[in-house]
Amino acid sequence: MLREKLNKYHIILASGSPRRQHFFRELNLEFAIEVRTVEEVYPPSLKGAEITDYLAQLKASVFVDLKASDLLITSDTIVWKDGRPLEKPLDRNHAIRMLKDLSGEMHEVFTSVCFTTKHFQETINDRTKVWFRKLNQDEIEYYVDTYKPFDKAGSYGIQDWLGYVGIEKIEGCFFNVMGLPTRLVYKTLMELANR
């Protein structure tokens with residue numbers, strides 16, 4: 001349904017994330033994947049969704065050669081706890097430290113999605129609260145060594161083993177924690193199709 005409505009656009013998903021690519025396929029969208037390198041640095045004064053909004057827009061800023069029919073989609077996700085972001089871990093020890101910090105606590109996950117054409121830009125974001133039960137050292141090390149979550153904000157994926165055994169509850173969109181607030185993306189794309 002959405003694919004037909006968006007046939008005036010050539011959709012470019014600027015994300016190397018297999019999860020985001022999977023979501024776009026599941027939404028039955030026709031799209032090209034094009035990832036361009038950008039240094040993901042943001043002003044230290046930004047907080048929560050301000051960070052992900054900024055980074056999603058920054059990722060779009062390197063596409064200066066968009067054609068009239070192009071619809072570029074960029075995105076960013078962070079884990080937010082105790083007033084600071086937990087981004088992707090640097091190495092095994094960093095991942096273990098992050099998960100110890102999340103253990104037995106609540107944190108928030110922010111994802112922003114930026115829609116850019118030659119003539120306009122619109123950014124949406126979503127927030128989900130996630131509660132972890134208390135994890136022991138063996139569980140944390142097993143997860144990090146087996147699943148190697150080094151490409152994931154906060155060092156975990158809600159859709160894999162740690163999500164199965166460690167998450168007590170969530171408040172908000174499950175898919176947002178995976179990296180894409182699918183219902184908001186769908187709603188925004190429908191609005192763009194009807195413009």
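Quick note: the coordinates plus some simple rules give every number you see, no bench work behind them. Bear in mind the structure is a predicted one, so any value in this text is a computation, not a measurement. Cβ atoms come from the backbone with ideal geometry, glycine included; neighbour counts cover every protein chain shown.
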Q. What is the ratio of the Cα radius of gyration of the stretch 81-195 to 2.2 N^0.38 Å, where N is its residue count, to two decimals?
A. 1.21
Q | Extreme residue, positive dipole direction of the stretch 40-108, given options LEU102, LEU55, LEU71 (C-beta unit charges) | A | LEU102
Q | Tensor-based shape of the stretch 153-194 (alpha-carbon gyration tensor, a/c under 1.5 rounded, otherwise prolate or oblate) | A | prolate
Q | Leading residue at positive end of dipole, the stretch 2-193 (Cβ point charges), from THR116, VAL38, GLY179 | A | THR116
Q) For the charge dipole of the chain, defined by +1 on Lys and Arg C-beta atoms and -1 on Asp and Glu C-beta atoms about the Cα centroid, which residue among GLY16, GLY157, THR146 has the Cα displaced farthest towards the positive pole? A) GLY16
Q. Dipole size in debye (nearest 20) for the chain around its Cα centre, Lys and Arg Cβ +1, Asp and Glu Cβ -1?
A. 420 debye
Q | Those lysines that a straight Cα-Cα span of less than 30 Å connects to LYS8, excepting residues fewer than 8 apart in one chain | A | LYS59, LYS67, LYS118, LYS187
Q | Given (i) 8, 31, 28, 19, 11, 3; (ii) 9, 36, 33, 17, 5, 0; (iii) 9, 37, 38, 13, 3, 0, 0, the label whose value is P(r) over Cα pairs in 10 Å bins from 0, in percent derived from this model | A | (ii)
Q) Taking the Cβ-Cβ separation of TYR147 and VAL62 as r and a Förster radius of 25 Å, what is the calculated FRET efficiency to the nearest 0.05? A) 0.20
Q.
Run the numbers for TYR42 and TYR164: contour at 0.36 nm per residue of separation, minus the present Cα-Cα distance, in nm.
A. 40.7 nm
